[in-house]
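Beneath this line is the structure, given in structure tokens, with notes to follow.
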Amino acid sequence: MTDRPTPDRPLRIGTRASPLAMAQAHQAAAALVAAHGLDPEALVTVPMTATGDRIQDRALAEVGGKALWTRELDAALDAGVIDIAVHSLKDVETLRDARFALAAMLPRADPRDRLVVREGVVAATIADLPQGARLGTSSPRRAAQVRRLRPDLETPLLRGNVATRLARLAAGEIDATLLAAAGLDRLAMPDIGSVQPVETLLPAASQGAIGIECRADDAATHRLVAAVDHEPTHRAVAAERAFLAALGGDCRSPVAAHARFLADGTLRLDGEIYSDDGADHAAGHAAVAGSDDAAALAWNLLAGAPESVRRLFAA
């Protein structure tokens, strides 16, 4: 496309059609309008239903993994049907096709989880939940972390968008669930649930981060999008994704990673890997200046992890 989109030749923004994904696409559009002084009519949103949104009765790992969130957008971007794709980076494969370039990350939102409980349950933390409570989740990471903290809890599969999960909670199918604080904030639900500290529940890699991809050979669009890149977020999330890549894990592997800048400017990366039931785990942290440091942390954790953890990772 041309360097500057216009209402006659708009920038086409691809996104999943879920309410949260649409909110993220609108946030990306607003950032681009502000950065370049664009006419809002020069950007159009192109929503698509991802395969992952259609399949709700099985764990993601059983039906194709994270690619189910990106397949339709990738095809549209490659075919030139859209110019950019807006992603929740937590849902994007660690190793991406060389045809696409991650041109920008928006400033990261709250990366933590929130504990949400049904009416009648009083609990602000995992420790507060009643004996034998059912905490629904589709995340191997959350399930392992919950079981490590509370082996008595059940973690039945809970798929669907935020509204669907909250409806199943209200219906009493489960007693509690964990949702990303960033997603709830973007859906204007800042008062739902209790924020869990990262010291208790280390977040998923990339949680709270929005990424904008374009075609790798589209230099004009890359320049346009790069103007809204938030470098601290990009560096932190890149470290988390490098940690994942070095582990060789997939969406079946319970793993958590969170990078943050300390007061002295050091980028600290915390990582944790778990057995399926959370009974065994390995945890550590490192100062990272680049992907090699993040990879070294991953390899060190694997080297010292119990066999029940190591076997879940291909590295």
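The values are calculated or read from the model by the stated rules, or taken from the named source; none is laboratory data. Everything quoted here is computed from the prediction, not taken from an experiment. Heads up, the Cβs are rebuilt from the backbone with ideal geometry, glycines too, and the neighbour counts pull from every protein chain shown.
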Fill in: Of the criteria (1) over 30 Å from ALA79 (Cβ atoms); (2) more than 22 Å from the chain's Cα centre (by Cα); (3) not in a loop (DSSP other than H, G, I, E, B); (4) not aliphatic (A, V, I, L, M), which one GLY136 fails
(2)
Worksheet item: Just wondering, is there one or more residues in the stretch 169-178 that are outside the structural domain of ARG16 (by TED's automatic domain parsing), within 12 Å of VAL116 (Cα to Cα), free of Cβ contacts under 8 Å to residues at least 40 places away in the same chain and aliphatic (A, V, I, L, M)?
Response: no
Worksheet entry | Count - residues of the stretch 249-277 that are within 16 Å of THR94 (Cβ to Cβ) and in a loop (DSSP other than H, G, I, E, B) | 6
Worksheet item: In the stretch 169-213, what residues are assigned to a loop (DSSP other than H, G, I, E, B), out of contact with any strand residue (DSSP E or B) (no Cβ under 6 Å at 6 or more places or on another chain) and charged (D, E, K, R)?
Response: GLU173, ASP191, GLU199
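Residue by residue, here is whether (1) closer than 14 Å to HIS87 by Cβ; (2) in contact with an Asp or Glu (Cβ under 8 Å, 6 or more places away or on another chain); (3) among the basic types (Lys, Arg); (4) part of a strand (DSSP E or B) holds:
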position: ARG12; (1), (2), (3), (4): no, yes, yes, yes
position: THR15; (1), (2), (3), (4): yes, no, no, yes
position: ALA21; (1), (2), (3), (4): yes, no, no, no
position: GLN24; (1), (2), (3), (4): yes, no, no, no
position: ALA28; (1), (2), (3), (4): yes, no, no, no
position: ALA31; (1), (2), (3), (4): no, no, no, no
position: ALA35; (1), (2), (3), (4): no, no, no, no
position: GLU41; (1), (2), (3), (4): no, no, no, no
Practice prompt. Just name the residue that is surrounded by the fewest Cβ atoms within 10 Å (Cβ to Cβ) out of those in the stretch 167-207 that are farther than 14 Å from ARG142 by Cα and among the hydroxyl-bearing types (Ser, Thr, Tyr).
Written response: SER194
Item to complete: Scan (1) buried (at least 24 other Cβ atoms within 10 Å of the Cβ); (2) touching a Phe, Trp or Tyr at 6+ places or on another chain (Cβ under 8 Å); (3) among the small types (Gly, Ala, Ser) for the single condition GLY248 breaks and write down its number.
Response: (1)
Fill in: Selection within the stretch 17-33 - closer than 21 Å to ALA220 by Cβ and either out of contact with any Leu (no Cβ under 8 Å at 6 or more places or on another chain) or crowded, with 21+ Cβ neighbours inside 10 Å (or both)
ALA25, ALA28, ALA29, ALA30, LEU32
Item to complete: Please go through the stretch 278-301 and pick out each residue that is surrounded by fewer than 18 Cβ atoms within 10 Å (Cβ to Cβ), of a type outside the set (A, V, I, L, M) and not in a strand (DSSP E or B).
Response: ASP280, GLY290, SER291, ASP292, ASP293, TRP299, ASN300
Worksheet item: Do we find that ARG96 is surrounded by fewer than 20 Cβ atoms within 10 Å (Cβ to Cβ), modelled with pLDDT under 95 and outside any helix (DSSP H, G or I) in this structure?
Response: yes
Worksheet entry | Which listed residue, of SER291, SER253, is among the polar types (S, T, N, Q) and either in contact with a His (Cβ under 7 Å, 6 or more places away or on another chain) or free of Cβ contacts under 8 Å to residues at least 60 places away in the same chain (or both) | SER291
Worksheet item: Can you tell me which of GLY132, GLY136 is small (Gly, Ala, Ser) and touching a Pro at 6+ places or on another chain (Cβ under 8 Å)?
Response: GLY136
